[in-house]
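Engineer: Here it is: the structure, laid out below.
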Amino acid sequence: MSNERDIKNKIKSNSSLFTNFVKNAVSASPKVQNNFLDVSTQVALTVQKILEDADLILNLEYKGKDFWSENKCKTSCFVDGGVDKTSIISSAPLSIRTGSYIVKPDAADKNREFFEESMVFLGDLYDPKNELYDFAEDDFDEDQMLNKKKDGARIIFEAVTIVKHILLNRKFDYCFLHGPIEATVMPFTVMGFPTFTKFAVENMLPFYSKNKLNAEARHFINVYLEALNSIKKSKFPIYGIVETSNSAPYIKNLLFNYKSKGTISEKDFKNTLATIKKYKITDSHLLEIILQSGQAIKPLEVKKQIQGFGVTSGSAWEDKMDSFPSVHIGYIKINNHSAPIRIETLNPPKNLIKDYEYILATAKLLPNYGFPVGLNVVDKFAKIPNWMSKASRKYYATHLLKQAIRSKDQNTISLAVKILSKKVRSWRNRPLGGLAR
Amino acid sequence: MNTKKWKSIGTVLGETNISEFYFSLKNYKAKKGDIITTESKVPSSEGKIEEVTVWGKISSIESSNVFFPTEAAQELTNENINIRDTILPTTRDELICKVIILGFTLKNNLKLMPLNYPVRPAAPVSYPSSEDVEALLISDLNSEHPLFIGSLLARDAVKIKIDADNLVSRHVSIFGMSGSGKTVMVRRIMDELLKKKYPMLVLDIHGDYLGFIQKQKKLYPKNEVKLFYPNLSVSSDDKEIIYTLIDKLGNSLTDPQKDFLSSLLEKVKYEGGSLLKYIELLVRKAREYASDPSKSFKNIRPASMYVVVRSLGQVAKKLKNMEQTNFRHRQKMSKLKFEELPDAATEPEKIINKGQLSILYLKGYENLPASAIVSILLENLFKHRQEVEEEIPPFLTIIEEAHNFIPSRSEDKDNLPSVDTIRKVITEGRKFGTGVMIISQRPSRLDETIASQCNSQIVFRMVNQKDQRATTRDSETLSVDDSKQLPNLANGQGIISGQVVNFSLPVQIKFDAELINDDIGNENFISAVENWDDKESVKQRKKFAKDFSNITSIDRRRAN
Ligand SMILES: Nc1ncnc2c1ncn2[C@@H]1O[C@H](COP(=O)(O)OP(=O)(O)OP(=O)(O)O)[C@@H](O)[C@H]1O
Ligand SMILES: [Mg+2]
């Protein structure tokens, strides 16, 4: 284990903690700047001590050739979603799809690997007739709302893709999702966030018929909760894998547990949390310094949705937060030059070491990036290819003009033409409710 | 044509235009050079929309596994991991094909028309049946006299034919490195033309075409196949050629010596017949003048005259040598009947005649005399075609190892007489029915004017970049994509382009094994050695060699 000098050196030798700090140093007070190295070293030493005390550090084994020849019979599924970045003024196009890469290495060519496209949506979110979200007159800042809608759609699509694999009773040894296994739902609890259309929900969760799909049941929160509950029931292990953490859920929970046990005083706990916040220290930052390549830390149970936190408080959905399953979070450090990756599951892993070693091996195949290669593969697959984007942009452009022409209103038509000839998304005079009116 | 039966092999990608498109190909469903189709719609002149079949040729294929991260290769190598054991994708090669659009056809009509409206992105791409591809090619070629040469590369069922009329009148070049299949191709074409009784003259340096003589009775009973050996007979009109021959074959002469040679040629009239005889006559006469200089050449010193005598003697010796070498080669093939080449000036019909193939066997001759022989021969034959009262039918001249007869000016070969002749024959040939087929391993070494007059090209494997460049430079129809393929072609695979076809096609030439001259299986050195038996003279030499070497070694022994 590292001593104080080691840790200091590690921090200075270009760790992400240090880089991140240098980036933010301009805005930090002189005192914070001065103390950064000492404080972070002290935090790291303390966390390391607790991790050791709680016996949370695991040494994983990786024997490349042997590992793969022993594990070639396993079937793995990798899931990721891709969102098209296209945007045209005055319409909110969304091309989104989720893909699965399913591979069983020792199968014959024909059956060895499958790329599946599970969920696709191609539409205009400003179009009242779009099939994804119910149309809502949003007074909320439109850009932010639009991004939320896109995020919400992607999160649901990814979850639903996994649910479909479960429903179809696929025989996987592992399933991995690119991203958190349970997203923070807080952003979608804002007032005015639209509900999914009946059509969308029926397609996403065919078994979900609660209350005849009333508006409340079709809200993101309920649909997502339903999907998560299905995922939790899966017979095969499902892991969400996150590249870097920009928060410190593990450390905070670790400290919280120690506080609850009485090992840490309430005051020390509060102060440390404040320090972490002040210096913008994250799980990734600290564990990058503490863990050696090939080491992992055992998962901790963490609540993702915290009641009474931020925007959620007072929201209509506040009570719902407790119904969300808790998440088991662990970390694996793949190599010496990248931050550890975060591993999330809804259930505590049954074969922790085996599973983590599998994840380590898949990430070793991407030796520089240090991330499971299967997720990299499916990421490329799910990504909307460029030619598709071009095609979809053309589709929206003509779609928009057609709508304008149908309105037979000269002003609307000339407006549409003007809009089409603009490229940047600076147009602010979008007629309310779209051009179809 | 039942388009429903065609297999779907991919999808048109991205943005398209009227001359090319890209499509993503399903694994192993088509290859470079394949002809494929996609259904499309075009506006007709009457303002209707017509459903059409667009035909195209795959001009290149790129394969990439977009899902395979390069980083992974590093780990696989370092850890010696078998990729098939890992979760890395191994079967998802993305194949993107570039297609050159050939045109479109309407329902129930195979006439290929130029496309004037882009194909539809995302449309399925199909692999048409062999019969349909063949039907399209034939209908498109629209030839009165198609010649069968082989099949579409790696698509055996699609037979490829080329247009004989363009072939014999518009000139063809056949390029490719040694052993790539040029001669096999020429023999294939000759076989077809023989059946059409088209007269041909082949300049054969290696004896590659002697098979036609051997198999004449069996394969071409209705044709005549004649085998000639050269006869350097010149007429008084060919004085320049004679001068060049003597000048180039003999020792280099000073200006006064050259003057003497010219005067000598003036004085000693040539009556036609053997050039060798004439030169021998020149030697005699020159010696006479030299021994009595006062007689006719007052201002030339006898010493200079003797130099010319010696030089002429040199020329005579060389010519005799070449004749003898050629003779010895002929003797080896005792079963074949060789005839002396008739005088093309007076008896052209003995060389060019309906249904006749004439092979001029040039083995043993150096460039210059061979060039002179060819120049005189073609010059005369051409004259007979040019005249109002044609004495011989149109014919095709096949020039093997053409760099020997029409070297590029940059090659710095002193101007061979055949260059001008062939240039004339080829540029005016269209009018007079004197087509030429040029065969060479080194297109970059050929006379550019002549090479660029060849309106059709058949190119075989070619690795040398200079030659590749020369080939594409001389061709208007061979694309860059085509030329990229050249180094990878196998024996007998060529790309045919130009007026004998309508668009360039990769072809597997049919191999006519029976047309090989089996008298000289000269490519099989191993079995030649296996069956080697020393000649009597060599045996004798070897028998005594030991004894002689003993003598020498004893002789050299130091006294002690
Ligand atoms: N179409 C073909 N099918 C099968 N084999 C072929 C074909 N063409 C050529 N070959 C093989 O390659 C050999 C050489 O071919 P060929 O004599 O035509 O070469 P070339 O190009 O004339 O070479 P060079 O320039 O040396 O004369 C043939 O003897 C034959 O074995
Ligand atoms: Mg040859």
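The values are calculated or read from the model by the stated rules, or taken from the named source; none is laboratory data. Since the structure is predicted, the reported quantities are computational estimates derived from the model, not experimental observations. Using ideal geometry, Cβ is built from the backbone for each residue, glycine included, and neighbour counts are taken over all protein chains shown. The area values use the complete protein model at the heavy-atom level, side chains included, leaving out ligands, DNA and RNA. Shrake-Rupley method; radii C 1.70, N 1.55, O 1.52, S 1.80 Å.
Engineer: Of the conditions (1) among the acidic types (D, E); (2) facing chain A (nearest Cβ under 10 Å); (3) assigned to a loop (DSSP other than H, G, I, E, B), B:E46 clears all except one; give me its number.
Structural biologist: For B:E46, the failing item is (2).
Engineer: Any chance region B:180-193 includes a residue that's more than 16 Å from ligand 2 (Cβ to nearest atom) and at pLDDT 95 or above?
Structural biologist: So far as region B:180-193 goes, yes, one or more of its residues are more than 16 Å from ligand 2 (Cβ to nearest atom) and at pLDDT 95 or above.
Engineer: Could you list, in sequence order, the residues of region B:208-219 that are within 10 Å of B:D512 (Cβ to Cβ) and either surrounded by 20 or more Cβ atoms within 10 Å (Cβ to Cβ) or within 16 Å of ligand 2 (Cβ to nearest atom) (or both)?
Structural biologist: Listed by number, the list holds a single entry, B:G211.
Engineer: Mind listing whichever residues of region A:116-137 are in contact with a Lys or Arg (Cβ under 7 Å, 6 or more places away or on another chain), part of a strand (DSSP E or B) and open to solvent by less than 70 Å² (accessible area, probe 1.4 Å)?
Structural biologist: Residues satisfying the conditions are A:S118, A:M119, A:Y133.
Engineer: Residues being crowded, with 22+ Cβ neighbours inside 10 Å and more than 10 Å from chain B (Cβ to nearest Cβ): count how many of those fall in region A:353-362. Reasoning before the result, please.
Structural biologist: We begin by selecting, within region A:353-362, every residue crowded, with 22+ Cβ neighbours inside 10 Å; these are A:356, A:358-362.
From the residues that got through so far, the ones that are more than 10 Å from chain B (Cβ to nearest Cβ) too are A:356, A:359-360.
Total satisfying the criteria: 3.
Engineer: Has region B:457-471 got any residue that is of a type outside the set (D, E, K, R), modelled with pLDDT under 90 and open to solvent by 60 Å² or more (accessible area, probe 1.4 Å)?
Structural biologist: Checked against the condition, which is being of a type outside the set (D, E, K, R), modelled with pLDDT under 90 and open to solvent by 60 Å² or more (accessible area, probe 1.4 Å), region B:457-471 yields no hits at all.
Engineer: May I pose another question? Going through B:I516, B:I509, B:I406, B:I422 one at a time, which residue ends up being open to solvent by less than 60 Å² (accessible area, probe 1.4 Å) and within 16 Å of ligand 2 (Cβ to nearest atom)?
Structural biologist: Answer to the selection: B:I509.
Engineer: For the subset of region B:427-446 comprising residues that are away from ligand 1 (no atom under 16 Å from the Cβ) and under 14 Å from B:L167 (Cβ atoms), which member is nearest to the chain's Cα centre (by Cα)?
Structural biologist: Among those residues, the one meeting the criterion is B:V436.
Engineer: I would also like to ask the following. Would you tally the residues in region B:342-364 being at pLDDT 90 or above, crowded, with 21+ Cβ neighbours inside 10 Å and in contact with a helix residue (DSSP H, G or I) (Cβ under 8 Å, 6 or more places away or on another chain)?
Structural biologist: 8
Engineer: Let me confirm something: among B:T105, B:T86, B:T70, which residue is hydroxyl-bearing (S, T, Y) and modelled with pLDDT under 90?
Structural biologist: Exactly one residue qualifies, and that residue is B:T70.
Engineer: Return the total of residues in region B:114-133 being closer than 19 Å to B:K31 by Cα and open to solvent by 70 Å² or more (accessible area, probe 1.4 Å).
Structural biologist: The qualifying residues number 2.
Engineer: With more than 21 Å from B:E391 (Cβ to Cβ), more than 16 Å from ligand 2 (Cβ to nearest atom) and crowded, with 20+ Cβ neighbours inside 10 Å as the only criterion, which of B:P230, B:P199 stands out?
Structural biologist: One residue alone meets the criteria, B:P230.
Engineer: Do you know which residues across region B:161-179 are more than 9 Å from ligand 2 (Cβ to nearest atom), in a loop (DSSP other than H, G, I, E, B) and open to solvent by 10 Å² or more (accessible area, probe 1.4 Å)?
Structural biologist: B:M177
Engineer: Being more than 24 Å from B:F395 (Cα to Cα) and more than 16 Å from the chain's Cα centre (by Cα) is the filter here, so list the residues in region B:155-193 that pass it.
Structural biologist: Once the filter is applied, which keeps residues that are more than 24 Å from B:F395 (Cα to Cα) and more than 16 Å from the chain's Cα centre (by Cα), region B:155-193 yields B:R155, B:D156, B:A157, B:V158, B:K159.
Engineer: Tell me which residues, restricted to region B:72-83, are surrounded by 16 or more Cβ atoms within 10 Å (Cβ to Cβ) and within 7 Å of another protein chain (Cβ to nearest Cβ).
Structural biologist: B:A72, B:E75, B:E79, B:I81
Engineer: Inside region B:371-403, can you point out the residues that are within 16 Å of ligand 2 (Cβ to nearest atom) and either in a loop (DSSP other than H, G, I, E, B) or open to solvent by 10 Å² or more (accessible area, probe 1.4 Å) (or both)?
Structural biologist: Within region B:371-403, B:E400, B:E401, B:H403 qualify.
Engineer: State the number of residues belonging to region A:342-352 that are open to solvent by less than 20 Å² (accessible area, probe 1.4 Å) and touching a Lys or Arg at 6+ places or on another chain (Cβ under 8 Å).
Structural biologist: 1
Engineer: Given the criteria in contact with an Asp or Glu (Cβ under 8 Å, 6 or more places away or on another chain), within 16 Å of ligand 1 (Cβ to nearest atom), away from chain A (no Cβ under 14 Å) and open to solvent by 20 Å² or more (accessible area, probe 1.4 Å), does B:I205 qualify?
Structural biologist: yes
Engineer: Tell me, please, whether a residue that is open to solvent by 40 Å² or more (accessible area, probe 1.4 Å), within 12 Å of chain A (Cβ to nearest Cβ), more than 29 Å from B:I160 (Cβ to Cβ) and touching an Asp or Glu at 6+ places or on another chain (Cβ under 8 Å) can be found in region B:85-107.
Structural biologist: Checked against the condition, which is being open to solvent by 40 Å² or more (accessible area, probe 1.4 Å), within 12 Å of chain A (Cβ to nearest Cβ), more than 29 Å from B:I160 (Cβ to Cβ) and touching an Asp or Glu at 6+ places or on another chain (Cβ under 8 Å), region B:85-107 yields at least one hit.
Engineer: So B:P348 clears everything in (1) touching a His at 6+ places or on another chain (Cβ under 6 Å); (2) not assigned by TED's automatic domain parsing to the domain that holds B:N223 except one condition, right? Which one?
Structural biologist: Only one criterion in (1) touching a His at 6+ places or on another chain (Cβ under 6 Å); (2) not assigned by TED's automatic domain parsing to the domain that holds B:N223 is unmet by B:P348, namely (2).
Engineer: Scan region A:173-193 for residues that are more than 21 Å from A:G82 (Cα to Cα) and out of contact with any helix residue (DSSP H, G or I) (no Cβ under 7 Å at 6 or more places or on another chain) and jot them down.
Structural biologist: A:D173, A:M191, A:G192 - these are the residues of region A:173-193 that are more than 21 Å from A:G82 (Cα to Cα) and out of contact with any helix residue (DSSP H, G or I) (no Cβ under 7 Å at 6 or more places or on another chain).
Engineer: Sort out which residues of region B:137-160 are touching a residue at least 24 places away in the same chain (Cβ under 8 Å) and either assigned to a helix (DSSP H, G or I) or within 14 Å of ligand 2 (Cβ to nearest atom) (or both), and write them in order of number.
Structural biologist: Going through region B:137-160, the residues touching a residue at least 24 places away in the same chain (Cβ under 8 Å) turn out to be B:137, B:139-141, B:145, B:147-160.
Those that are touching a residue at least 24 places away in the same chain (Cβ under 8 Å) and either assigned to a helix (DSSP H, G or I) or within 14 Å of ligand 2 (Cβ to nearest atom) (or both): B:L137, B:S139, B:D140, B:L141.
Engineer: Can you tell me which residue within region B:273-317, out of those that are open to solvent by 60 Å² or more (accessible area, probe 1.4 Å) and among the hydroxyl-bearing types (S, T, Y), is modelled with the highest pLDDT?
Structural biologist: Ranking the candidates gives B:Y306 first.
Engineer: All but one of (1) open to solvent by less than 20 Å² (accessible area, probe 1.4 Å); (2) within 15 Å of ligand 1 (Cβ to nearest atom) hold for B:V158, so report the exception by its number.
Structural biologist: (2)
Engineer: Does B:L253 meet the test of being in a loop (DSSP other than H, G, I, E, B), away from ligand 1 (no atom under 16 Å from the Cβ) and open to solvent by less than 30 Å² (accessible area, probe 1.4 Å)?
Structural biologist: Yes: the conditions hold for B:L253.
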